[in-house]
Structures are given as C-alpha cells and as structure tokens.
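Every number in this text was worked out from the coordinates using simple rules, so none of it is lab data. No experiment lies behind these values; they were computed from the predicted model shown. Every residue, glycine as well, gets a Cβ built from its backbone with ideal geometry; the counts of neighbours run over all protein chains shown.
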Amino acid sequence: MVERTLSIVKPDGVRKNLIGEVIGRFEKAGLKVVGLKMVCLTKKDAEGFYAVHRERPFFESLTEFMSSGPVVPMVLEGEGAIGKVREIMGATNPEQAAPGTIRRDFADSIESNIVHGSDAPETASFEIAYFFNALELSQGG
Ligand code: UDP
Ligand code: MG
C-alpha cells in the first residue's frame, strides 16, 4: 500500500550536518519527498507533537531537546513508507539499532537519536498535519 509518513531530522541531526545524509538514505530506498521544511519548535510545539508521551519520565528532557534548535520535518511517500522509514532509522536506542541504520551510524544516545519517524497510519496522519497543510504537500508523481 502506498503510504505517507512524517520524518524529522532532529536538532542533533541538523547540528551534525546530517540533513542531506538522512534525506539521501530515504531517497535511495525509493521514498519520495513530498513535503519538506526547516522550523524551530517552541517547547509548547514540541509538547504538542509528543503529547502521547506526556506521562513518560523522559518527556521534559525530550521536549527541551526537540526545541533546542532547528528541525527538518518532511513527508515521505511510497510503498510501505511507514515501515520502511522505521527500518532505515533503526531502534530508538542506538546501541540496539541494527548496523547500517541512521541511529546506529550517527546517534549519541536514546534521546539524541537524529531522526523521527511515524509508527502507524494514525500517528502519521496526525504528525503530517502537525507540520504541513495541503498546499505544502506535492500531489504529482
Ligand atoms: N526517548 C528518550 N528516552 C526513552 C525513550 C525515548 O529520550 O527512554 C526519546 C527519543 O528521542 C525517541 C522519542 O523520545 O526518539 C520518542 O520515543 P519513542 O518511544 O516514540 O521512540 P521512536 O518512535 O522515536 O523510536
Ligand atoms: Mg515514536
């Protein structure tokens, strides 16, 4: 099934000059970039984005981190895009991420792990709409 998913190059990925590296890995896997921007999240913006995690012990630190510098959200489209992006990113904890994944190759910690990817169709819809309106998403092939 052709899907759309949201990915974000997190502040650590931008600081490490990995924007092109991350997008390149997605493109090489056959995913199409249909939306792309650079934004700075306020603490409140980050809290809204990660609202599902608000009860978790890492919520405060995570939302501080996500608002610590610019991020590059993007919408990727393709066959099985949600799972493909998760596979290319690797596990949340870089020590557990498979060799050759973005997080294994570049992440410093379970928090500063370079990249975000939606985990299901419902979260993808919410997360895409959080960053992009219809005019900002290309419709053509
Ligand atoms: N995170 C963290 N500590 C944890 C688990 C997660 O700091 O113990 C951060 C990390 O940046 C992660 C984000 O919170 O990417 C969202 O967590 P989730 O479990 O959704 O992981 P993901 O879907 O990003 O792999
Ligand atoms: Mg997640």
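Computed from the mean reciprocal separation of all distinct C-alpha pairs, what Kirkwood hydrodynamic radius does segment 1-57 have, in Å?
That comes to 13.5 Å for segment 1-57.
Within segment 8-52, count lysine pairs with alpha carbon atoms under 29 angstrom apart where the residues are 8 or more positions apart or belong to different chains.
Lysine pairs meeting the criterion: 11.
Using the scaling law 2.2 N^0.38 Å as the reference, what is the normalised Cα Rg of the chain?
Values: Rg = 14.0 Å, N = 141, 2.2 N^0.38 = 14.4 Å.
Cα Rg divided by the expected 2.2 N^0.38 Å: 0.97.
What whole-number value in cubic angstrom gives the convex hull volume per residue for the C-alpha atoms of segment 62-141? Present the calculation step by step, with values, prior to reporting the outcome.
Details: hull volume 9.2 nm³, N = 80.
Dividing the Cα hull volume of segment 62-141 by its residue count gives 116 Å³.
Relative contact order of the chain: what whole-number percent is it, with Cα pairs under 8 angstrom and at least 6 residues apart? Could the numbers behind the result be given before it?
Values: 237 pairs, mean separation 51.5, N = 141.
With pairs under 8 Å counted, the relative contact order is 37 percent.
Can you tell me the dipole magnitude for the chain around its Cα centre, using point charges on the Cβ only (Lys, Arg +1; Asp, Glu -1), in Debye to the nearest 20?
Values: 16 positive and 20 negative charges, 53 e Å.
The calculation lands at about 260 debye.
Using alpha carbons only, how many angstrom separate the centre of segment 97-141 from the centre of segment 19-56?
Centre-to-centre distance over Cα atoms comes out at 5 Å.
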